[in-house]
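Below: the structure, in structure tokens.
Quick note: the coordinates plus some simple rules give every number you see, no bench work behind them. Please read these numbers as outputs of a predicted model, since none were measured by experiment. Here Cβ is always computed from backbone atoms with ideal geometry, including for glycine, and neighbour counts include all displayed protein chains.
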Amino acid sequence: MTLNFLELKGLHKKFGDITALNNVSLNVSKGEVIFIIGPSGCGKSTLLRAVNWLTPPDKGEVWLEGDIVGSLSSKLTIEESKLLNSFRAKMGMVFQQFNVWPHLNALENVVRAQMVVAKRNKAESEVKALKILDEVGLSDKINEWPDNLSGGQKQRLAIARSLAMDPILMLLDEPTSALDPELVGEVLSVLRRLVNNGMTMLIVTHELGFASKFGDRIVFMDGGEIIEEGIPEKILKTPKTQRLKMFLEKLNITSFKQ
Amino acid sequence: MKFDISYIIDALPRLFEGALITLQVAILGFCLSLILATTITIARTSLNSKIFNTIIAFYISFIRGTPLLVQIFLIYYVLPVFGLNLGPFSSGIIAITLNSAAFVTEILRGGLASVPNGQFEAAKSLGVSGVALWRKIILPQTFIASIPPLVNEFTMVLKATALLSVITVVELMRVSQQIYSANYHPVEVLSATFVIYFLMCFVVSRSSAILENKLKVKRA
Ligand SMILES: Nc1ncnc2c1ncn2[C@@H]1O[C@H](COP(=O)(O)OP(=O)(O)O)[C@@H](O)[C@H]1O
Ligand SMILES: [Mg+2]
């Protein structure tokens, strides 16, 4: 038996009557890039958010490098929440709405968590922040306030903020969906670099072109379940289930209209 | 009776002393009120306890549904019953604090509501939680969003301190009363008092605009 890098075991999550996750299991190897696709409301976000316990599942387990993430008890002890924080720091999360901190300038956005969580001193954090901001192409914006950045710049800032924690896994929830079409490319090119650097990633997206080019695997979800998964070629060209066929058709029609 | 400005000039030094006490009471009361209201706000969000929230809701509606004057008297006479002989100054501060905190809690509720949930989530996803989450990420945004109503509340507190004269706190209003009951020139003395209160409030509300502009400039 080989040890999986990331292992999701039988995740269940309900919101009232709505089943957001229904027995979802997934194994991810180190360096794997997995794209998650599926219709709106099928549980993609809930799945990503269960991985870093932002939305704790009702049932099921998440294992990262052989350690179990999170605890199902509703009130965490101080020890448990410390442990959870250290797991979260290892899993960078990027949101559709960027969620950069508007009261901090670009540099401070990238410095803050390094000081609070990684306990680095200010000088150390700033050196690292400057390096990463340069990598995402924001070196000329370090003193800028988020309000003055474009969507693409905000998202790159959000990615930089995560990368500063030296994550071993990145969770990206529709990172380009809120962007004007002409700004999508700059974010995708940052993601491409991450892929080339061997980062393990779970990416929810509707950018099928990007997914087919850079994905090791595509996971198709519907109704809170994983319906099909496999290499991009197989999933996109020869879908097995009716549901995936219909989803791909709809997506093609909409992207054609645009 | 004619308006004799010399009574004002004679009264000014003592009125200024009184104004100083007024400022002290207002600043101290307001700072304590900010601390109390911030604590309540954090507890309300993170405890998520029905009992706690109900207690706070009662506290706020009692404070808002009764005259401050009654609250001041009540605290002044109730505290000694519990063996707390704090004197008028401290009792006054407590009354002002308890009163203002109810309003500040409501203001901060609004400020907090303007902070999107994604701000909490981004912080948590990086491993920032507990005190740091509030101190470094959420509260700064809450306070920035609350500046205008908070400054307004401070002017309310500043004006409300005049009521503390009834429990013999020697602030501006009390000093003013002492002067005119000795010289029998209430019109001159009260006019001066009126202007001093107005100037204090005016400066404070102007500072709101300056503070806001400064933060906007910082971001623009
Ligand atoms: N916090 C929540 N409260 C109630 N329902 C929720 C919540 N989050 C998600 N849901 C519901 O769970 C289902 C899955 O949501 P989500 O994971 O966001 O879907 P997706 O990201 O695939 O669009 C949806 O029906 C959604 O309405
Ligand atoms: Mg979603």
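Can you pull the percent of Cα pairs in the protein assembly as shown with separation above 37 Å? Provide the component values of the computation, followed by the final result.
Details: 50521 of 114003 pairs.
Here the long-distance tail beyond 37 Å is 44 percent of all Cα pairs in the protein assembly as shown.
Taking a ≥ b ≥ c as the square roots of the eigenvalues of the Cα gyration tensor of segment B:11-72, is the shape rounded (a/c under 1.5), prolate (a/b larger than b/c) or oblate?
Details: a/c = 7.02, a/b = 2.20, b/c = 3.20.
Taking the square roots of the gyration eigenvalues as a ≥ b ≥ c, segment B:11-72 is oblate.
Can you give the average number of partner chain beta-carbon atoms within 10 Å of each beta-carbon in peptide A:158-164, as a whole number?
Details: counts 1, 0, 0, 3, 3, 0, 1.
Partner-chain Cβ atoms within 10 Å, mean over residues of A:158-164: 1.
Summarising the strand pairing of the protein assembly as shown, around 55 percent of its internal DSSP beta bridges are antiparallel.
For chain B, what class follows from the C-alpha gyration tensor (a ≥ b ≥ c being the square roots of its eigenvalues): rounded when a/c is under 1.5, otherwise prolate if a/b is larger than b/c, else oblate?
Working: a/c = 3.22, a/b = 1.69, b/c = 1.91.
Oblate is the answer for chain B, as a/c is 1.5 or above yet b/c matches or exceeds a/b.
Under 5 Å from the amide H of A:M201 lie the amide H atoms of A:E32, A:V33, A:I34, A:M170, each residue being 5 or more positions distant or on a separate chain, with H modelled from the backbone and absent for Pro and chain starts. Applying the Karplus relation 6.51 cos²θ - 1.76 cosθ + 1.60 with θ = phi - 60° to segment B:30-37 yields 3J(HN,Hα) values of 5, 5, 4, 5, 4, 5, 4, 5 Hz, where x marks Gly and Pro. Per residue of peptide A:100-107, the mean number of Cβ atoms on other chains within 10 Å of the residue Cβ is 5.
Over chain B, what relative contact order in percent results from Cα pairs under 8 Å that are six or more residues apart?
Working: 200 pairs, mean separation 70.7, N = 220.
It rounds to 32 percent for chain B.
Report, in debye and to the nearest 20, how large the dipole of segment B:5-219 comes out about its Cα centre when Lys and Arg carry +1 and Asp and Glu carry -1 on their Cβ.
Working: 15 positive and 8 negative charges, 173 e Å.
Computed charge dipole of segment B:5-219: roughly 840 debye.
Between segment A:182-199 and segment A:78-138, how far is it from one alpha carbon centroid to the other, in angstrom? Measuring centre to centre over Cα atoms gives 19 Å.
Bridge orientation summary for chain A: considering DSSP beta bridges with both residues in this region, about 55 percent are antiparallel. Restricting attention to segment A:1-55, which trypsin sites (Lys or Arg not before Pro) occupy a DSSP loop and are surrounded by at most 14 other Cβ atoms within 10 Å? Here the sparse-neighbourhood loop sites are A:K30. Per-residue Karplus couplings for segment A:8-18, computed as 6.51 cos²θ - 1.76 cosθ + 1.60 with θ equal to phi - 60°, are listed in order as 9, 10, x, 7, 10, 8, 10, 10, x, 8, 7 Hz, Gly and Pro entered as x. Backbone amide hydrogens, once placed in the peptide plane, bring A:E228 within less than 5 Å of A:F220, excluding anything fewer than 5 places away on its chain. For peptide B:126-139, the mean count of partner chain Cβ atoms within 10 Å of a residue's Cβ comes to 6. Sequentially through segment B:75-85, phi angles give Karplus couplings (6.51, -1.76, 1.60; θ = phi - 60°) of 5, 4, 8, 7, 3, x, 4, 8, x, 9, 9 Hz, Gly and Pro residues having no value and appearing as x.
Dividing the helix sum by the residues of chain B, where each DSSP H run of 4 or more adds -39500 (n - 2.57), gives a mean residue ellipticity at 222 nm of -28000 deg cm²/dmol. Exposure proxy ranking for B:L211, B:L112, based on other Cβ atoms within 10 angstrom of each Cβ and starting from the fewest, stands as B:L211, B:L112. Since only A:M91, A:M170, A:I226 are under comparison, the one whose Cα sits farthest along the positive direction of the charge dipole of chain A, derived from C-beta charges on Lys, Arg, Asp and Glu, is A:I226.
What is the sum of charges around A:L26, taking Lys and Arg as +1, Asp and Glu as -1, for the other residues whose C-beta is under 11 Å from the C-beta of A:L26?
Numbers: positive: A:K9, A:R217; negative: A:E7, A:E32, A:E229.
Every neighbour counted, the sum reads -1.
Since only A:H103, A:V62, A:L3 are under comparison, the one whose Cα sits farthest along the positive direction of the charge dipole of the protein assembly as shown, derived from C-beta charges on Lys, Arg, Asp and Glu, is A:L3. Peptides B:60-71, B:185-196, ordered by how many other C-beta atoms sit within 10 Å of their residues on average, highest first, read B:185-196, B:60-71.
Per residue of chain A, the DSSP helices (runs of n ≥ 4 H) give a summed -39500 (n - 2.57) that works out to -12000 deg cm²/dmol at 222 nm. As I understand it, the dipole of the protein assembly as shown uses +1 on the Cβ of Lys and Arg and -1 on the Cβ of Asp and Glu, about the Cα centre. Which of A:L202, B:N183, B:Y7 lies farthest toward its positive end? Result: A:L202, furthest along the dipole toward the positive end. What whole-number distance in Å separates the alpha-carbon centres of segment B:142-220 and segment A:217-246? If we compute the Cα centre of each part, the gap is 67 Å.
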